[in-house]
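What follows is calculated from the coordinates using simple rules that are stated; it is not laboratory data. Quick caveat: nothing in here was measured; it's all calculated off a predicted structure. Cβ atoms come from the backbone with ideal geometry, glycine included; neighbour counts cover every protein chain shown.
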């Protein structure tokens, strides 16, 4: 199996003949003038929750970084997990985005691993396990709630992780400073894959409600 995946080539051909043909002027302008998105989205790697699809975004409208379970680590300059922090720094200081959206989703595999760290095929000592350990006490609290069903625990931690990531965003001085000056807004959202519903987070209470 050495050839380039044919489904990708077929998708590219459809893109080239359809969307690119319709938006080629936009693509050329972006190539000449560079990108200037107002929104950064921090999303999960999950193939079912692509933010460009969920928000029906045009090229150049969103700066997207994706990692397992859409986590934002706290500002720790010596931390080995620098990819998300570097993308955040570029988006805020380089592109001067006005909004940062942490986008979680239902049935997240990373969240499932945090709730069941010893489950096969993953373990606390693998890459995913160490990454998801960042949820720490939140995962332990939710996992230890006997009154919740397994599905309720999953959804609860998915939403708690969004709130945790937003709190961690504020540990970056360049984020908190701009937010204090009303030049940057932080948002949380959760996507229900099966229903196609988007739930947005109230910035005051942390509660989620279904978007209209």
### Global geometry of the stretch 2-69, whether rounded, prolate or oblate, following the gyration tensor of its Cα atoms and the 1.5 cut on a/c
oblate
## Note on the structure
When 182, 210 are ranked with the fewest other C-beta atoms within 10 Å first, the list becomes 182, 210
### Summary
Listed residues 57, 87, 138; largest mean-square fluctuation, Gaussian network over the chain with Cα springs below 10 Å, found at 57
### Message
Please rank 63, 15, 90, fewest neighbouring Cβ atoms within 10 Å first, as an exposure proxy.
### Response
15, 90, 63
### Folded to 0 to 90 degrees: helix 6-17 orientation relative to the chain principal axis, Cα
50
### Angle between the chain longest axis and helix 150-169 axis [Cα atoms, degrees, rounded to 10]
70
#### Entry: Which of 83, 161 has the fewest Cβ neighbours within 10 Å, and the rest in rising order
83, 161
### Summary
For the stretch 19-166 the mean separation of alpha carbon contacts under 8 Å (6+ apart) over residue count, i.e. relative contact order in percent, is 24
### Task
Return the percentage of antiparallel bridges among DSSP beta bridges fully within the chain, rounded to the nearest 5 %.
30
